[in-house]
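In what follows, a structure is listed as structure tokens, so that the remarks can point back to it.
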Amino acid sequence: TFSPIDMFWQTLDLDEAEQPEQLHYSLEEIEKCDYFLFYFGGKYGWIPPSGQMAIEAKNRAWLADLRGESSYAMSLGETIFERAVLSKIEQVQGSVFFYFRDETFGDALANAVKGHFVEYDEDVKEKLGALKEKMRQTNMQVLEDYTQPMNAVRQTFEDLQECIHRDFPLPDKAQDIDTQRERHVHTALALSRRGVYLSVEDWVARVHSHLDTRAHVGHPLIIVAPPGGGKTAFVSNYVANYRTYLPQALWLQYYTGSNTESCNYERLCCNVMQAIKDRWTLEDEVPKRLK
């Protein structure tokens, strides 16, 4: 699962964006990311105030060195590039991608908004050109002169998909399945969703109704919501809070997408069989792989 981290502003409010914590957040996140996507239009980007950079450099030797070596004030984007890419060029090969918008994109825009897309200062335009050239010199993948944002979106999807297939390949052959270890993975995911949670009482009532043994409901219940709609958090908290509602029932939590193996139907089947065996202390052995 990819968790996108916006290295730049987490707000559309310019005053809020330039608060010191925004810069601190961006510099902190650099060290936590495995993949980097750099999108550049016609602007060089925000240059953090010197005072803020000096404060951040006190606890970051690499930033202090970078500021000492540079003959000009760098944008946040170039600073991230220097740290995330150039300082560890060998380690990030194949995990960094650049997307450069066509320089004529802003020509057709109204003057009232053109300043948000086009750099007028010649010195700053030179910085932008030099930065793009440094990125090209890394010999990493560059999408040049895209004219429509969706072109960059499609290329990004293909790039990340390639990363997934390369870094998280499916096994070439069936492997033994450690159901105990996998159940720990799903339990850990469930626990991570129980920190701060506001219950949706309508959902609780509907699940209660479905599980009411007096209703003799024989069909499954499917919870549907958009990505980020709270499905996993709801299921995790429901099981934690209401499993005593049916104490004799077998409760098995299995979250597809919790790890790279969880979408394999064989593993799901083996986990269900193991749960049944454990619940009723059956003697039959659960197969380590399905035939």
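The values are calculated or read from the model by the stated rules, or taken from the named source; none is laboratory data. Since the model is a prediction, treat every value here as computed from it, not as a measurement. Here the Cβ is made from the backbone with ideal geometry for all residues, glycine too, and neighbour counts use every protein chain on show. When the accessible area is computed, the model is the full protein with side chains, heavy atoms only, and any ligands, DNA or RNA have been set aside. Shrake-Rupley method; radii C 1.70, N 1.55, O 1.52, S 1.80 Å.
Summary of values
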item: Fraction of accessible area attributable to carbon and sulfur, region 31-116 (%, probe 1.4 Å); result: 51 percent
item: Computed helical MRE - 222 nm, the chain, DSSP H runs ≥ 4 contributing -39500 (n - 2.57), nearest 500; result: -13500 deg cm²/dmol
item: Tyr25/Cys269 FRET efficiency (R0 45 Å; Cβ-Cβ; nearest 0.05); result: 0.55
item: Theoretical gain in end-to-end length, Asn151 to Ile89 [0.36 nm per residue, Cα-Cα removed]; result: 19.7 nm
item: Carbon plus sulfur fraction of accessible area for region 189-291, probe 1.4 Å, in percent; result: 57 percent
item: Gain in span if fully extended, Ala249 to Phe117, counting 0.36 nm per residue against the direct Cα distance; result: 41.5 nm
item: Inter-probe distance in nm under a simple model that places probes 7 Å from Cα toward Cβ, at Asp212 and Cys163; result: 4.9 nm
item: Per residue, in Å², the accessible surface of region 230-279 once ligands and nucleic acids are set aside, probe 1.4 Å; result: 53 Å²
item: Shape category assigned to region 16-170 from the gyration tensor of Cα positions, a/c cut at 1.5; result: oblate
item: 27 Å Cα-Cα threshold exceeded, pairs from Lys32/Lys288; Lys58/Lys88; Lys32/Lys134; Lys88/Lys127; Lys88/Lys132; result: Lys32/Lys288
item: Surface per residue (accessible, 1.4 Å probe) for region 21-157, Å²; result: 55 Å²
item: Per residue, the convex hull volume that the Cα atoms of region 123-243 enclose (Å³); result: 256 Å³
